[in-house]
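Please read the structure below before turning to the comments.
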Amino acid sequence: MTRGSERPVTVATAQYPIEAFADLAGFAAKAARWVREATSRGAELLVFPEYGAMELASLLPEAERGDLQAQLHGLQPLREAYLETWRELAVRHGTTILAPSLPWRLDDGRFVNRAWLCTPDGRVGHQDKQVMTRFENDDWGVAEGDGLKVFDTPAGRLGVLICYDSEFPLLARALVEAGAELLLVPSCTDTEAGYQRVRLSAQARAIEQQVAVIHSPTVGEAPWSPAVDINIGRAGVFTPCDHGFPPDGVLTLAADATPGWQLARLDPARIRALREHGQVNNHADWTLQHRRLAPGIATHPLG
């Protein structure tokens, strides 16, 4: 385990608006402003949303930024400046940052939805989305990428489930079994129903795995972008519903769609203790469902 896993950590989850820029300096200034605000309030782990970096498409020629396929290709020359911006901010402010994800072209020509994690000592690592939505598969051509990873950081041992990935319990279980103590869920949803699916899945994962889940969504409208034109969500931090935590498992949740940060203080050791002393044993009892289902399900006529 890391040093961060043995002490409380202040986390910040962004309710992040998609905005248009006149130049790359405008993007860098916004990133710096957001990081500065969160770290000035004591945040040690900053979580930005899925596809938040699509705002870089505002720098493309109008014909490219209005075309789904052209956007993917047009963003690639900007990706090194994007990554260096977030890496440098993590170093400058001494914080761990999950940067907003970006379509990333692989050597084989495929595009993946990639989120980069940046640490205070300048290290970076990435997590690709595992399960694609219909829009990504059918309309956009964004595919699944590298497998799941667990990252050791000063803020703790982290796992990332990008948006739709949070709706699949076995993915969360694999991360927790690999040692993840905090699950980060960056998202981008364009309906209230989509937001609620991700939020409720994040809360379910917190209960099932007895782990904290940090959810960061995009918000607002970007009519110039066919990929992220409408964004609906509320940032939140969720815990198990058990001793010493909120009865509904909501540690913090934005009251409305106003852009900004939600901050919370998390103690991974207290959450881990629930696996030994909680009212229920969800984490340990996970395997019981396999045993109960092993014989199969019989159909019985009613008497």
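The values are calculated or read from the model by the stated rules, or taken from the named source; none is laboratory data. Only a predicted model underlies this, so the values are computations on that prediction, with no experimental measurement involved. Here the Cβ positions follow ideal geometry from the backbone for every residue, glycine too, while neighbour counts run over all protein chains shown. The accessibility values were calculated without ligands, DNA or RNA, using every heavy atom of the protein model including side chains. Shrake-Rupley method; radii C 1.70, N 1.55, O 1.52, S 1.80 Å.
Test of the criteria: in the stretch 30-95, which trypsin sites (Lys or Arg not before Pro) are in a DSSP loop and have at most 15 other Cβ atoms within 10 angstrom of their Cβ? Display every interim value, and only then the final one.
Working: sites: 30, 33, 36, 41, 65, 79, 87, 92; in loops: 41.
Counting only loop positions with at most 15 other Cβ atoms within 10 Å, the trypsin sites (Lys or Arg not before Pro) in the stretch 30-95 are 41.
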| Looking only at 76, 262, 203, which one moves most when the chain is put into a Gaussian network model with springs between Cα atoms under 10 Å? | 76
| message | Using only the alpha-carbon atoms, what does the stretch 172-303 span along each of its principal axes? Please give whole angstrom values in decreasing order. | response | 57, 42, 30
| task | Pick out which of 148, 98, 68 has the largest mean-square fluctuation in a Gaussian network model of the chain, springs linking Cα atoms closer than 10 Å. | result | 68
| message | I need the semi-axes of the equivalent ellipsoid of the stretch 233-303: take the C-alpha gyration tensor, multiply each eigenvalue by 5, square-root it, list largest first in whole angstrom. | response | 35, 19, 10
| Mean Cβ neighbour count within 10 Å, used as a protection proxy, ranking 229-240, 157-168 highest first | 157-168, 229-240
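Magnitude of the Cβ-charge dipole of the stretch 109-200, K/R +1 and D/E -1, about the Cα centre, nearest 20 debye? Write down the numbers at each step before the final one.
Working: 10 positive and 14 negative charges, 31 e Å.
Computed charge dipole of the stretch 109-200: roughly 140 debye.
Would you mind classifying the stretch 30-130 by shape? Square roots of the alpha carbon gyration tensor eigenvalues, ordered a ≥ b ≥ c; an a/c under 1.5 is rounded, otherwise it is prolate if a/b is larger than b/c and oblate if not. Can you show the working numbers first?
On the way: a/c = 2.42, a/b = 1.71, b/c = 1.41.
Cα axes put the stretch 30-130 in the prolate bin.
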| request: Assuming 1.567 mPa s and 4 °C, estimate D for the stretch 144-241 with Stokes-Einstein, Rh taken as the Kirkwood radius over Cα pairs, in µm²/s. | output: 94 µm²/s
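What is the chain's relative contact order, in percent, from Cα pairs under 8 angstrom and six or more apart in sequence? Mind dumping the intermediate values first?
Numbers: 687 pairs, mean separation 63.1, N = 303.
After rounding, I find 21 percent.
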| request: Could you work out how far helix 192-209 tilts from the main Cα principal axis of the chain, as a 0 to 90 degree angle to the nearest 10? | output: 50 degrees
| How high is the FRET efficiency from residue 134 to residue 265, r the C-beta distance, R0 35 Å, rounded to 0.05? | 0.40
| message | Given the DSSP H assignment, sum -39500 (n - 2.57) over each helix run of at least 4 residues in the chain and divide by its residue total; what's the result at 222 nm in deg cm²/dmol, nearest 500? | response | -9000 deg cm²/dmol
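Taking square-rooted eigenvalues a ≥ b ≥ c of the alpha carbon gyration tensor, is the stretch 61-208 rounded, prolate or oblate, where a/c under 1.5 means rounded and, failing that, a/b exceeding b/c means prolate?
Oblate is the answer for the stretch 61-208, as a/c is 1.5 or above yet b/c matches or exceeds a/b.
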| remark: To the nearest 20 debye, the stretch 185-269 has a Cα-centred charge dipole, built from +1 on Lys and Arg Cβ and -1 on Asp and Glu Cβ, of 140 debye
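With the cut-off at 27 Å, report for the chain the share of all Cα pairs above it, as a whole percent.
Of all Cα-Cα distances in the chain, 39 percent exceed 27 Å.
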| query | Of all accessible surface on the chain at a 1.4 Å probe, what whole percent is carbon and sulfur? | reply | 53 percent
| remark: About its Cα centre, the chain carries a charge dipole, from +1 on Lys and Arg Cβ atoms and -1 on Asp and Glu Cβ atoms, whose size in debye to the nearest 20 is 1000 debye
| field | chymotrypsin sites (Phe, Trp or Tyr not before Pro) within the stretch 1-106: DSSP coil, no more than 16 neighbouring Cβ in 10 Å | value | 21
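Relative contact order for the stretch 17-75: what is it in percent, counting Cα pairs under 8 Å that are at least 6 residues apart? List each step's numbers first, then the result.
Working: 37 pairs, mean separation 24.2, N = 59.
Taking the mean separation of contacting Cα pairs over the length of the stretch 17-75, I get 41 percent.
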| message | If I take the Cα coordinates of the stretch 78-144 and project them onto the principal axes, what are the three extents in Å, biggest first? | response | 40, 19, 15
